[in-house]
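These notes concern the structure reproduced below.
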Amino acid sequence: MTSVPIRVLFFGAIRDVVGAREDSLEVPPGSNLGSVFEHYAVRFPKLKDLAGSTVLALNQQFSSPAAPVADGDEVAFLPPVSGGSSGGSQYTQHIADPAGHFFAITREPIDGTAMARQLLRGEDGAFVNFEGVSRNNTKGRATRFLEYECYEPMAVKIMAQIGREIAASHAIGRIAMVHRLGKLEISETSVAVVVTAPHRKPAFDAALEGINRLKKLVPVWKKEYFVDGEVWVDGEWDDAVITARS
């Protein structure tokens, strides 16, 4: 029986171990995600040290190692996440929701206040703009700059899922989530969560829930560059993701 061709993507610290962003692989019929990971763990033994914290995705969905792979599938190895204008042309991936919500990945500077002005409706009496910015140190160690990467199509889908769930459970008008990729200088915005609402409390509550869930669910990774070296920032997965992989 012929082998099954799949595409395998590597992110964050796993990309450094493998030395590539992606690979084309032929696997035997009946293979699953676990056997795909084991294939690379044999080639790159350091992957075994990361197995306990690595989450697998199949066609941009969190999946368990037992999930079977088929011809043309896209598989991704995801280390723990450390995340953090109009027209859409500045966004590498974006979803403009029919309800007026907006979710995007960009390599351009983020202006959360301008975004809020675009989201506001006549009945809104408040907006909250949370922006995460790059700081100049980690535990006293001077930071030169940051670099972000992500699994772009999956990231924007998960942001949209989070945002829609929040909009359904809070008395808000609209919500937007935008994350930046690439090199960020100190004090630049890496992520913005913007919420508009008739009243302030739901807007604050929704923005806080939005950034907290984004940081543990959206596949974004951060590398910090110091004068004397660089390191991928340790993160953690949400409990729901851990459940999905078991």
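Read-outs throughout are calculated quantities, based only on the coordinates presented, and are distinct from any laboratory measurement. This structure is a prediction, so every number in the text was calculated from the model and none was measured. Cβ atoms come from the backbone with ideal geometry, glycine included; neighbour counts cover every protein chain shown.
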_Distance from the stretch 119-148 to the stretch 153-195 (C-alpha centre basis), Å_ = 11 Å
*Which entry in (1) 57, 38, 29; (2) 72, 39, 33; (3) 62, 44, 33 is this structure's computed Cα extents along the principal axes in Å?*
(3)
*What is the gain in length, in nm to one decimal, between Ala66 and Ser3 on full extension, counting 0.36 nm per residue of separation less the C-alpha to C-alpha distance?*
20.8 nm
*So how strong a dipole does the stretch 45-185 carry about its Cα centre when Lys and Arg Cβ are +1 and Asp and Glu Cβ are -1, to the nearest 20 debye?*
540 debye
_Only counting other Cβ atoms within 10 Å, I'd like His39, His101 sorted with the fewest neighbours first._
His39, His101
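From the Cα gyration tensor of the stretch 47-128, with a ≥ b ≥ c the square roots of its eigenvalues, which class applies: rounded if a/c is under 1.5, or else prolate if a/b is larger than b/c, or else oblate?
Details: a/c = 2.70, a/b = 2.29, b/c = 1.18.
Prolate is the answer for the stretch 47-128, as a/c is 1.5 or above and a/b outweighs b/c.
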*Return the calculated 222 nm mean residue ellipticity for the chain, to the nearest 500 deg cm²/dmol, obtained by summing -39500 (n - 2.57) across DSSP H runs with n ≥ 4 and dividing by the residue count.*
-9000 deg cm²/dmol
*Residue-wise, which Karplus ³J(HN,Hα) couplings in Hz belong to the stretch 145-152, taking 6.51 cos²θ - 1.76 cosθ + 1.60, θ = phi - 60°, and x for glycine or proline?*
6, 10, 9, 10, 9, 7, 8, 4
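If you take the beta carbon distance between Gln90 and Phe145 as r and set R0 to 25 Å, what does 1/(1 + (r/R0)^6) give as a FRET efficiency, to the nearest 0.05?
Working: r = 21 Å, r/R0 = 0.82.
FRET efficiency, Gln90 to Phe145: 0.75.
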_Nitroxide proxy distance, nm - points 7 Å out along Cα→Cβ at Ser169 and Ile186_ = 3.8 nm
_Options Val18, Ala167, Gly52, ranked by Cα towards positive dipole end of the chain, top entry (Cβ charges)_ = Ala167
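Relative to the present Cα-Cα distance, how much length would full extension add between Leu208 and Asp97 at 0.36 nm per residue of separation?
Numbers: separation 111, 0.36 × 111 = 39.96 nm, distance 2.06 nm.
This chain segment gains 37.9 nm when fully extended.
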*Among Lys46/Lys216; Lys48/Lys157; Lys183/Lys223; Lys139/Lys222; Lys183/Lys222; Lys157/Lys201, which pairs are too far apart, with a Cα-Cα distance over 18 Å?*
Lys46/Lys216; Lys48/Lys157; Lys157/Lys201
*asked:* Starting from the 7 Å offset along Cα-to-Cβ, what nm value, one decimal, do you get for the label separation of Ile242 and Arg43?
replied: 3.0 nm
